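Report on one structure; see the data block that follows.
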Amino acid sequence: MPLKHATTLVKSLCARGAVRHARAVFDEMPDRDVVAWTAMLSGYASGGCHREALDVFRRMLAAAVVPNEFTLSSVLTACRGGGGGGGDAASIHAIAVRRGVDHMPYVVNALVDAYASRGGGDGLVDARRLFEALGEGRTAASWTSMIAGYARWGQEITGLQLFLQDDAELSPFACSIAIHACASVGNLYFGQQIHLLSIRKALGANLAVANSLVDMYCMCESILEARRLFDEMPERNLVTWNTIIAGSSRHDPLMAMQLLVDMDLEPNCLTLTSITSACAGLAALKCGQQVHGAILRRNYGDDLKVSNALVDMYSKCGSIFNAKKVFNMIACKDILSWTSMIGGYGMNGYANEAIELFNSMVHAGVPPDHVVFMGLISACSHAGLVDEGWNLFRSMLSEYNIQPNKAIYGCVTNLLAHAGRLSEAFNLIDTMPLTADESVWGALLGACKMHKNVELGRLAARKIIEINPDAVKTYILLANIYAADSKWGEYAVTRRLLRATGSSKEVGMSCIEVTHKMYSFSTADSSSPQVSLADEVLQILVQHMDEAGNDFVVNISRVA
DNA sequence: GTAATGGACA
């Protein structure tokens with residue numbers, strides 16, 4: 001068979017996925033030129049067989065066949081993302097330099113991509129150097145390789161700055177990568193810049209770009225802006241719906257439920273996961289059970305993320321029995337499964353069960369993290385298990401080699417202070433190796449209000465106001481501490497300071513589900529007839545509790 | 001007769 005025909009055969013066999021047969025033909029070829037070698041190499045590379053592609057390349061060099069630009073582009077695709085090891089990109093770079101790389105723009109772009117996807121400090125620096133040297137020769141692919149490389153290796157901001165240069169060449173792909181980078185670091189400012197850029201370059205019509213923008217606004221907690229974009233989109237697919245539903249399930253669960261009703265596509269597993277957490281946010285048990293039914297009917301019951309969301313939903317709805325039932329059915333539990341269940345026990349007052357489950361988790365070989373300890377220590381705090389909580393806190397460093405963070409210190413402060421051990425709590429803050437923030441001092445202040453400790457309360461409030469002069473809640477708490485101690489002069493001063501901040505505390509809303517309907521209300525709300533009815537019922541309950549004696553009251557307040 | 005670079009959005 002003539003050499004040309006055999007090469008064509010190798011190529012077409014590779015294109016059909018019959019790489020092994022292609023290799024058999026290739027091995028039978030008596031003399032192989034650079035085109036034949038490249039055909040075989042590219043067959044491996046484009047089929048994802050990076051190791052084999054690099055092996056063919058090495059054999060080719062050993063056979064003293066000189067690679068051309070076709071060969072080099074092909075072999076570089078096998079060096080991407082560490083698939084064949086970054087060292088190969090450098091050696092191929094060296095060959096390319098000897099062959100006159102300046103005349104091979106495709107090879108330079110492939111090098112930029114190989115270096116950028118290898119990442120690390122050197123990889124990105126090397127990629128950037130080549131990228132800069134390209135000058136006018138840069139194409140949309142060069143920009144995408146760079147920004148994807150930066151985004152992938154945690155240098156999103158550097159990538160975005162590069163992207164915002166005037167001469168950046170935008171493609172929908174590059175644009176959506178850039179927007180995703182803004183979303184993952186939560187940088188609204190850059191996100192808006194790229195949004196403007198995408199409007200100027202008429203890329204907004206691209207569905208992936210628009211979807212990324214909706215996601216970016218959700219991740220930057222601009223849910224209303226995300227919703228506005230969503231409403232304006234002429235075309236929406238399942239990803240669009242899932243993006244806005246996932247975003248609103250975190251910030252506006254009622255909106256997520258409404259979106260599900262409006263959705264004109266069949267919801268999938270991801271949709272229902274978000275809806276489950278929306279139900280958790282609303283503490284809507286009936287709704288959550290219906291969603292659970294929908295999940296089972298669609299055979300999504302084995303999905304790990306769905307199951308974890310269900311455990312969390314049942315826990316937050318107070319249905320710990322159902323939470324445990326779902327948890328027990330999870331075949332391969334991950335750290336989120338354990339955290340949800342441990343947190344579920346904790347928030348429902350079952351601190352001992354939470355600790356027991358934590359021990360099972362450690363026994364199962366799952367290393368605990370900060371979040372698990374947050375759940376555990378706050379469980380102990382709610383249940384008044386101060387010593388247990390303290391021992392868990394101590395074991396973080398001594399047994400699990402986890403350095404407690406500020407959130408943990410806040411939690412332990414709360415544990416001690418809540419139980420009335422205010423000076424120990426203060427001592428902890430005073431000696432902690434991190435700078436106490438608003439939440440840590442806030443935990444102390446809250447407990448000072450509860451235990452009517454004016455001295456420490458004043459101190460904690462002063463610390464918080466130093467950190468954040470607009471901490472409205474702090475002034476109110478401090479004023480209440482003074483009021484409880486009949487210190488009316490200081491009370492008046494604090495109220496005046498509060499007015500001086502010029503802000504008002506946003507009204508806390510609560511929701512409750514009664515016979516399949518959701519009711520929302522706030523304190524001192526007299527707008528709806530249901531509230532006055534609820535007030536009457538509450539009065540009767542309080543009366544019953546008084547008659548039942550103090551023990552009963554204590555139990556109720558622990559549950560509430 | 002050989003390569004065609006970037007591959008995102010839940």
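What the table shows:
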{"read-out": "Separation between Cα centres of segment A:339-378 and segment A:119-152, rounded to whole Å", "value": "45"}
{"read-out": "Accessible area per residue, Å², segment A:174-328 with all protein chains present, probe 1.4 Å", "value": "46"}
{"read-out": "Residue-averaged 222 nm ellipticity for chain A, from DSSP H runs of 4+ at -39500 (n - 2.57), nearest 500", "value": "-23000 deg cm²/dmol"}
{"read-out": "Relative contact order (percent, whole number), chain A, Cα cutoff 8 Å, 6+ residue spacing", "value": "5"}
{"read-out": "Additional length obtainable on full extension of the chain from A:Met432 to A:Ala62, 0.36 nm per residue less Cα span", "value": "126.9 nm"}
{"read-out": "Neighbour net charge for A:Ser395 - beta-carbon separation under 14 angstrom, K R +1, D E -1", "value": "-3"}
{"read-out": "Probe 1.4 Å, all protein chains present, accessible-area order of A:His251, A:His382, largest first", "value": "A:His382, A:His251"}
{"read-out": "Restraint check, A:Lys316/A:Lys463; A:Lys463/A:Lys487; A:Lys324/A:Lys406; A:Lys286/A:Lys324; A:Lys305/A:Lys406; A:Lys305/A:Lys325, Cα-Cα greater than 24 Å", "value": "A:Lys316/A:Lys463; A:Lys324/A:Lys406; A:Lys305/A:Lys406"}
{"read-out": "Sequence of A:Asp122, A:Asp262 from largest to smallest accessible area, 1.4 Å probe", "value": "A:Asp122, A:Asp262"}
{"read-out": "Fraction of accessible area attributable to carbon and sulfur, chain A (%, probe 1.4 Å)", "value": "55"}
{"read-out": "Relative packing of peptides A:473-483, A:383-393 - highest average C-beta neighbours within 10 Å first", "value": "A:473-483, A:383-393"}
{"read-out": "For chain A, the spread of Cα positions along each principal axis, largest first, Å", "value": "103, 53, 51"}
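The values are calculated or read from the model by the stated rules, or taken from the named source; none is laboratory data. Just so it is clear, the model here is predicted, and its values are computed rather than measured. Quick reminder, even Gly has a Cβ in these numbers, built from the backbone with ideal geometry, and neighbours come from all protein chains shown. Heads up: the accessible areas ignore ligands, DNA and RNA and are worked out on the full protein's heavy atoms, side chains in. Shrake-Rupley method; radii C 1.70, N 1.55, O 1.52, S 1.80 Å.
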